[in-house]
1. Scan the range 94-101 and tell me whether some residue there is part of a loop (DSSP other than H, G, I, E, B), in contact with a strand residue (DSSP E or B) (Cβ under 6 Å, 6 or more places away or on another chain) and not polar (S, T, N, Q).
2. Find the residue count for the range 91-101, including only residues that are surrounded by 16 or more Cβ atoms within 10 Å (Cβ to Cβ) and either of a type outside the set (Val, Ile, Thr) or touching an Asp or Glu at 6+ places or on another chain (Cβ under 9 Å) (or both).
3. I need every pair where a residue in the range 110-139 that is farther than 19 Å from Phe62 by Cβ has its Cβ under 8 Å from the Cβ of a residue that is open to solvent by 60 Å² or more (accessible area, probe 1.4 Å) and part of a helix (DSSP H, G or I), sequence separation at least 6 or different chains.
4. Could you tell me which residue of the range 123-157 is surrounded by the most Cβ atoms within 10 Å (Cβ to Cβ), considering only residues that are closer than 21 Å to Ile78 by Cβ and of a type outside the set (A, V, I, L, M, F, W, C)?
5. Going through the range 9-45 one residue at a time, which ones are of a type in the set (Gly, Ala, Ser) and open to solvent by 50 Å² or more (accessible area, probe 1.4 Å)?
6. Looking at Gly104 and the list (1) in a helix (DSSP H, G or I); (2) open to solvent by 50 Å² or more (accessible area, probe 1.4 Å); (3) not aromatic (Phe, Trp, Tyr), which single condition is not satisfied?
7. Please tell me if Gln48 is more than 30 Å from Thr143 (Cβ to Cβ) and surrounded by 12 or more Cβ atoms within 10 Å (Cβ to Cβ).
8. Could you check Asn109 against (1) of a type outside the set (Phe, Trp, Tyr); (2) in a helix (DSSP H, G or I); (3) at pLDDT below 95 and say which number it fails?
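The values are calculated or read from the model by the stated rules, or taken from the named source; none is laboratory data. In this text the structure is predicted, and so the values were computed from the model without any measurement. Methodologically, a virtual Cβ is constructed for each residue, glycine included, from the backbone with ideal geometry; neighbour enumeration extends over all protein chains shown. The area values use the complete protein model at the heavy-atom level, side chains included, leaving out ligands, DNA and RNA. Shrake-Rupley method; radii C 1.70, N 1.55, O 1.52, S 1.80 Å.
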Amino acid sequence: MEILEDKAEFIPVTTSRPDSVSVFLDLGRDYLSQSDLPPDSDPGKFLQSILRRQAEPDRWLFLLKHKDKHIGLVHAKIDQDERPGWGYILEFFIVPDKRRAGWGQTLFNHVAEILQSRGVNRVWLASAPNAEAFWYSLGFRETGEMERDQKIMALSI
């Protein structure tokens, strides 16, 4: 089986890299067009709020690139509020034509390595219904909790 990690490039999104910000905004709009944002929400404002928070400690925003094409994004942090000390995946997206090929697992593994290097051994997220099968495939399990009609799922890493 092909080792995707060797073919993946993980690009941090930072204001010091305007090209990464531009790609994030484009991919982010694609991601949000497929999500359950309330109809009165402004996707641009939401994406800008993610960018503003990148200066906070223990927070990461990465693009996934393969062969000169940006194919995914992840926004994660170490939770300080609901589950202190846990990793928290806030946003996760793989472009539709690259799904079911191992790229989601590759992107998750990258985030898990970063979290583990910071002493984190548990991760949680609120899963969109259409993504639950993916998270189950990585070993995530339901906690029995819900957030905005999404199942809260958790995994020990």
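1. Yes, some residue in the range 94-101 is part of a loop (DSSP other than H, G, I, E, B), in contact with a strand residue (DSSP E or B) (Cβ under 6 Å, 6 or more places away or on another chain) and not polar (S, T, N, Q).
2. 4
3. Correct list of pairs: Ser137/Gln105.
4. Per the criteria, the residue is Ser127.
5. Ser16, Ser22, Ser33
6. Evaluating Gly104 over (1) in a helix (DSSP H, G or I); (2) open to solvent by 50 Å² or more (accessible area, probe 1.4 Å); (3) not aromatic (Phe, Trp, Tyr) leaves (2) as the failure.
7. Yes.
8. All conditions are met except number (3).
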